[in-house]
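The values are calculated or read from the model by the stated rules, or taken from the named source; none is laboratory data. Quantities reported herein were computed from a predicted structural model and do not represent experimental measurements. Quick reminder, even Gly has a Cβ in these numbers, built from the backbone with ideal geometry, and neighbours come from all protein chains shown.
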Amino acid sequence: DTEVTQTPKHLVMGMTNKKSLKCEQHMGHRAMYWYKQKAKKPPELMFVYSYEKLSINESVPSRFSPECPNSSLLNLHLHALQPEDSALYLCATRKAGRTDTQYFGPGTRLTVL
Amino acid sequence: AQKITQTQPGMFVQEKEAVTLDCTYDTSDQSYGLFWYKQPSSGEMIFLIYQGSYDEQNATEGRYSLNFQKARKSANLVISASQLGDSAMYFCAMRPGANSKLTFGKGITLSVRP
């Protein structure tokens, strides 16, 4: 019951493209996260949504635009990205309770040309 | 501020042997949670084990156990009977108090030799 899905698995885009990453969960978790991870580095927090409202933005450039249309879905809209934005983008959900554990999706590997 | 330190270089272990991955942390909070995640080359971050700062017993989950030494601020992961599928990067992380953010260490790469 800890499944978080992310689509697409891989994405290649040009610097002028607009694309979106999608994250979905049906576990009833009310907190959802976007992380960016470069190779061999720990994940870096980008955004946190709590009860479908943006609660944390870690000073992320505006070319990344998050959206939480409902409690099961989290999107990350991408526009005018730079090659240095190439990374693994991970979505996570947090199960409220004693441990508040975050469960991660499989990630989207993004390459910006 | 919270800090997680994982200083071991790449670790190697023979299949079926046990291995300990080190993690030390620093926080001024009295209540906090410690987590270990595994990340294979496929990229998914897999939750392994949790230890709460007030938990009196060390956490165990199957072949994983956490050697929690609160006074030394260490939370080492012990993997028993290593398997080839344990080859991955392992991250130690901390969540202070009721904060929703995780602070990650820089990770340790574990390679299991047949």
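All conditions but one from (1) hydroxyl-bearing (Ser, Thr, Tyr); (2) more than 10 Å from every other protein chain (Cβ to nearest Cβ); (3) in a strand (DSSP E or B) apply to residue B:41; the one that does not is (3).
Say whether the condition of being over 28 Å from residue B:51 (Cβ atoms), more than 8 Å from chain B (Cβ to nearest Cβ) and not in a strand (DSSP E or B) is met by at least one residue in the range A:65-74. Yes.
Residue B:47 meets all of the listed conditions (1) at positive phi; (2) surrounded by 14 or more Cβ atoms within 10 Å (Cβ to Cβ) but one, namely (1).
Starting from residues that are more than 20 Å from residue B:10 (Cα to Cα) and among the hydrophobic types (A, V, I, L, M, F, W, C), keep the ones in the range B:62-93 and report whichever is surrounded by the most Cβ atoms within 10 Å (Cβ to Cβ). Once the filter is applied, the top-ranked residue is B:68.
Restricting attention to the range A:43-61, the residues that are at the interface with another protein chain (Cβ under 9 Å from one of its Cβ atoms) and part of a strand (DSSP E or B) add up to 6. Under the condition of being facing chain B (nearest Cβ under 9 Å) and over 17 Å from residue A:9 (Cβ atoms), the residues counted in the range A:75-113 number 7.
Look at residue B:59 and say whether it is over 21 Å from residue B:8 (Cα atoms), modelled with pLDDT of 95 or more, within 14 Å of another protein chain (Cβ to nearest Cβ) and surrounded by 18 or more Cβ atoms within 10 Å (Cβ to Cβ).
Numbers: over 21 Å from residue B:8 (Cα atoms): yes; modelled with pLDDT of 95 or more: yes; within 14 Å of another protein chain (Cβ to nearest Cβ): yes; surrounded by 18 or more Cβ atoms within 10 Å (Cβ to Cβ): yes.
For residue B:59, the condition - over 21 Å from residue B:8 (Cα atoms), modelled with pLDDT of 95 or more, within 14 Å of another protein chain (Cβ to nearest Cβ) and surrounded by 18 or more Cβ atoms within 10 Å (Cβ to Cβ) - is met.
Within the range A:22-39, the set of residues being surrounded by 18 or more Cβ atoms within 10 Å (Cβ to Cβ) and not in a strand (DSSP E or B) comprises A:29 only. Scanning the range A:75-101 for residues that are free of Cβ contacts under 8 Å to residues at least 40 places away in the same chain, assigned to a loop (DSSP other than H, G, I, E, B) and within 25 Å of residue A:40 (Cα to Cα) yields A:86, A:101. So, residue B:69, is that one out of contact with any helix residue (DSSP H, G or I) (no Cβ under 8 Å at 6 or more places or on another chain) and either away from every other protein chain (no Cβ under 14 Å) or in contact (Cβ under 8 Å) with a residue 60 or more places away in the chain (or both) or not? Yes; evaluated as a whole, the condition is true for this residue. Evaluation of residue B:42 against the conditions (1) among the small types (Gly, Ala, Ser); (2) surrounded by 19 or more Cβ atoms within 10 Å (Cβ to Cβ); (3) under 26 Å from residue A:87 (Cβ atoms) shows that the sole unmet condition is (2).
In the range B:80-106, the residue that is farthest from the other protein chains (Cβ to nearest Cβ) out of those that are farther than 21 Å from residue A:99 by Cα and not hydroxyl-bearing (Ser, Thr, Tyr) is B:81.
This table checks each residue for (1) touching a Lys or Arg at 6+ places or on another chain (Cβ under 9 Å); (2) acidic (Asp, Glu); (3) outside any loop (DSSP other than H, G, I, E, B).
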{"site": "B:49", "(1), (2), (3)": "no, no, yes"}
{"site": "B:57", "(1), (2), (3)": "no, no, no"}
{"site": "B:66", "(1), (2), (3)": "no, no, yes"}
{"site": "B:85", "(1), (2), (3)": "no, no, yes"}
{"site": "B:91", "(1), (2), (3)": "yes, no, yes"}
{"site": "B:98", "(1), (2), (3)": "no, no, no"}
{"site": "B:101", "(1), (2), (3)": "yes, no, no"}
{"site": "B:106", "(1), (2), (3)": "yes, no, no"}
